[in-house]
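Presented below is the structure to which this report refers.
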Amino acid sequence: MTRDILDAHFDLPKMCHYLHFALQSGSDSMLKRMNRKHTYADFKTQVDYLRSKDPLFSISTDIIVGFPGETLEEFEATATAMRECQFDFAFIARYNPRSGTVATTRYEDDIPPEEKARRWTILNDILRDTVSARNALMVDRDEEVLISGEGKDETWVGRTRNFKEVFIPKSSDIKVGDIVRVKIAESDGWVLQGILN
């Protein structure tokens with residue numbers, strides 16, 4: 001992920017202030033076993049750069065828990081990374097052997113399912129807290145929202161420029177594909193509630 005690619009999010013008007021890129025683990029030893037070419041420091045440098053240019057820049061990621069041989073210390077490094085990076089969303093998966101992958105042929109699936117579930121729950125609790133904190137930063141802001149469809153209970157749903165999902169009361173003046181000005185009224189769990197400006 002080179003600096004010019006990161007800068008494109010700010011230099012090109014059609015780019016959103018959102019990026020999904022996979023951390024997988026906050027432990028360098030675990031990343032090496034996963035055959036990843038980055039370290040946690042590499043990843044965190046990119047996060048810090050994006051957020052230095054826009055504190056509301058949204059970042060989502062992929063995490064694997066219970067990869068073969070993952071020690072408690074290595075898992076805790078991932079939990080620390082989750083807290084430090086303050087992800088706006090994360091896809092957290094429990095390791096499951098897949099035929100044809102290097103991991104399946106090289107490593108024994110030695111983390112019990114119950115322990116994988118425990119670690120998964122811990123990371124999802126951290127994620128819920130960071131999403132809540134990051135979403136709270138959006139409240140009372142005026143945002144452009146691209147309407148993507150109908151929500152439940154007579155609402156429209158759309159996304160802000162930093163990819164936050166927003167629900168607004170339905171209006172016959174609006175259609176899918178419209179960009180509307182919305183005041184973010186509240187944070188509601190994983191999503192935001194807004195009103196038309």
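Please report the net charge: other residues with Cβ closer than 13 Å to the Cβ of S171, K and R +1, D and E -1.
-1
Enter the accessible area per residue of the chain (Å², integer; probe 1.4 Å; all protein chains in place).
Per-residue accessible area for the chain comes out at 54 Å².
I'd like the accessible area for M34: 1.4 Å probe, protein heavy atoms, all chains in place, Å² to the nearest 10.
20 Å²
Once the Cα atoms of the chain are picked out, what are the Rg and Dmax in Å?
In Å, with Rg to one decimal and Dmax whole: 19.0, 58.
Quick one: putting +1 on the C-beta of Lys and Arg, -1 on the C-beta of Asp and Glu, what dipole do you get for the chain around its Cα centre, in Debye to the nearest 20?
Here the chain has a charge dipole of around 380 debye.
With every protein chain present, what accessible area does S27 have (1.4 Å probe, heavy atoms only), rounded to the nearest 10 Å²?
Its accessible surface works out to 10 Å², give or take rounding.
Treating the angle as unsigned and between 0 and 90°, give the value, to the nearest 10°, between the Cα long axis of helix 40-53 and the longest Cα principal axis of the chain.
Taking Cα atoms only, the helix is inclined about 10 degrees.
Once you list every other residue whose beta carbon is under 13 Å from the beta carbon of G151, what net charge do they have if Lys and Arg are +1 and Asp and Glu are -1?
Summing Lys and Arg as +1 and Asp and Glu as -1 gives -2.
Antiparallel as a % of all DSSP beta bridges within the chain, to the nearest 5?
Around 60 percent antiparallel, to the nearest 5.
Once neighbouring chains are kept in place and the probe is 1.4 Å, which whole percent of the accessible area of the chain is contributed by carbon and sulfur?
53 percent
Using a 1.4 angstrom probe with every protein chain in place, what is the largest-first accessible-area order of K175, K116?
The most accessible residue leads, giving K175, K116.
To the nearest 10 square angstrom, how much accessible area does D125 have with a 1.4 angstrom probe?
Its heavy atoms expose roughly 60 Å² to the probe.
The values are calculated or read from the model by the stated rules, or taken from the named source; none is laboratory data. Note that the structure is predicted; figures quoted are calculated from it, not measured. No Cβ is skipped: glycine too gets one built from the backbone with ideal geometry, and neighbour counts run over all protein chains shown. Remember, those area values only see protein heavy atoms, side chains included, never the ligands or the DNA or RNA. Shrake-Rupley method; radii C 1.70, N 1.55, O 1.52, S 1.80 Å.
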